[in-house]
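Beneath this line is the structure, given in structure tokens, with notes to follow.
Just so you know, all these numbers are worked out from the coordinates, no wet-lab data involved. This is a predicted model, so every value here is computed, not measured. Because the Cβ atoms are built from the backbone with ideal geometry, glycine has one as well, and the counts that use them run over all protein chains shown.
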Amino acid sequence: MDRTLPRMKIGFIGAGKMAQALARGLINSGRIAPENIIASSPKKDISFLNDCKALGLQTTHDNTEVAHKSDVVFLAVKPPHVSKVTSEIAPILSREQLVVSIALGITIRNIESLLPSKSRVVRVMPNTPAVVRAGASAFAMGSACRDGDADIVRDLLSTVGFAVEVPEVHIDPVTGLSGSGPSYMFAVIEGLADGGVKVGLPRELAIKLAAHTLLGAAKMVLETERCERT
């Protein structure tokens, strides 16, 4: 593996919204060129690959091609597909590659059991604001990971927002907090906007004011390291 980010080859098995968000973040950060990223998806999901092509990525229907060409392989598929995908790529993977799973609820041990011994596995819980490079991602490192692997993962995830390493036992709670949290924040924005509309504001303006109110409050918490209802 070339541990220099600009030279690193990144692969996504699964080319849905989260994979595209991560790819777009990497490209927009200027850290990795689009031609150094490859994504795979089944033929029935051709629209996802078309979106990836529009970003300048290499695309394929062959998961083994992704594994063969990549230093870091993201498993960006739905949980029921993890077993099938790992069985396809296991014969190709080497200990020089990192396998980063964003599959919900699948533990590091589960993935390690499906891959060759001593595979370097990382589990990540991202969230949807990664699409606008404002995500909050937590990641946990597998037992076979090497010194410096956490830095690589942090660098990759930081292109789409905040990224922090946690013990794997914290990943499920993170899923409930920052993973599901955006949906609750959308509901708060909608509720504030509804209140604004009831007192005479146009809905479009009410939504913008509500969204900026949450954005400002969040920024205050981050900058002051205090969360005070005053």
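Modelled label-to-label distance, E165 and A54, 7 Å Cα→beta-carbon offset: nm?
Between E165 and A54, the simple spin-label model gives 3.7 nm.
Say we join alpha carbon atoms closer than 10 Å with springs in a Gaussian network model of the chain; which of I46, I32, I171 then has the biggest fluctuation?
Sorting by GNM fluctuation, first place goes to I46.
Taking a temperature of 10 °C and a viscosity of 1.306 mPa s, what whole-number D in µm²/s does Stokes-Einstein yield for the stretch 150-195 with Rh from Kirkwood over alpha carbon pairs?
Using the Kirkwood radius from Cα pairs, D works out to 127 µm²/s.
Summing -39500 (n - 2.57) over the DSSP H runs of n ≥ 4 in the chain and dividing by its residue number, what mean residue ellipticity at 222 nm do you reach, to the nearest 500 deg cm²/dmol?
Helix-only estimate at 222 nm: -12500 deg cm²/dmol.
Would you mind checking the tilt of helix 181-198 against the longest principal axis of the Cα atoms of the chain, expressed as 0 to 90 degrees and rounded to 10?
Computed tilt is about 20 degrees.
Relative to the longest principal Cα axis of the chain, at what angle does helix 17-28 sit, 0 to 90 degrees, rounded to 10?
Orientation of helix 17-28: about 90 degrees from the principal axis.
Starting from a Cα-only point model with no solvent, please compute log10 I(q)/I(0) by Debye for the stretch 181-224 at q = 0.19, 0.22 1/Å.
Once normalised to I(0) and log-transformed, intensities are -0.56, -0.69.
If I model a spin label as a point 7 Å beyond the Cα along the Cα-Cβ vector, how far apart are those points for T175 and A211 in nm?
About 2.9 nm separates the two model spin labels.
Considering the options A138, V153, S117, tell which one lies farthest towards the positive end of the dipole of the stretch 91-159, charges being +1 on Lys and Arg and -1 on Asp and Glu at the Cβ, about the Cα centre.
Value: S117.
Using r as the Cβ-Cβ distance of D155 and E96, and R0 as 22 Å, what FRET efficiency do you calculate, to the nearest 0.05?
0.80
What is the helix-to-structure angle for 203-224, meaning the angle in degrees between its Cα long axis and the longest Cα principal axis of the chain, kept from 0 to 90 and rounded to the nearest 10?
70 degrees
Provide the gained length on full extension for the span V132 to D194, in nm with one decimal, where the gain is 0.36 nm per separating residue minus the Cα-Cα distance.
That works out to 19.9 nm of additional length.
Counting other Cβ atoms within 10 Å, keep those with at most 11, restrict to DSSP loop, and tell me which trypsin sites (Lys or Arg not before Pro) in the stretch 167-214 are left.
The qualifying sites: there are none.
Treating each Cα of the chain as an identical point scatterer and ignoring solvent, apply the Debye formula and state log10 I(q)/I(0) at q = 0.08 Å⁻¹.
Relative scattering, expressed as log10 I(q)/I(0), comes to -0.33.
Of the listed peptides 18-27, 126-135, what is their order by residue-averaged count of other C-beta atoms within 10 Å, with the highest listed first?
18-27, 126-135
For the stretch 6-93, please report how many Lys pairs fall under 18 Å Cα to Cα, leaving out neighbours fewer than 8 apart on the same chain.
13
Under a no-solvent Debye model with one identical scatterer per Cα of the stretch 1-127, what's log10 I(q)/I(0) at q = 0.13, 0.16, 0.17, 0.18 Å⁻¹?
The calculated log intensity ratios at q = 0.13, 0.16, 0.17, 0.18 Å⁻¹ are -0.45, -0.71, -0.80, -0.91.
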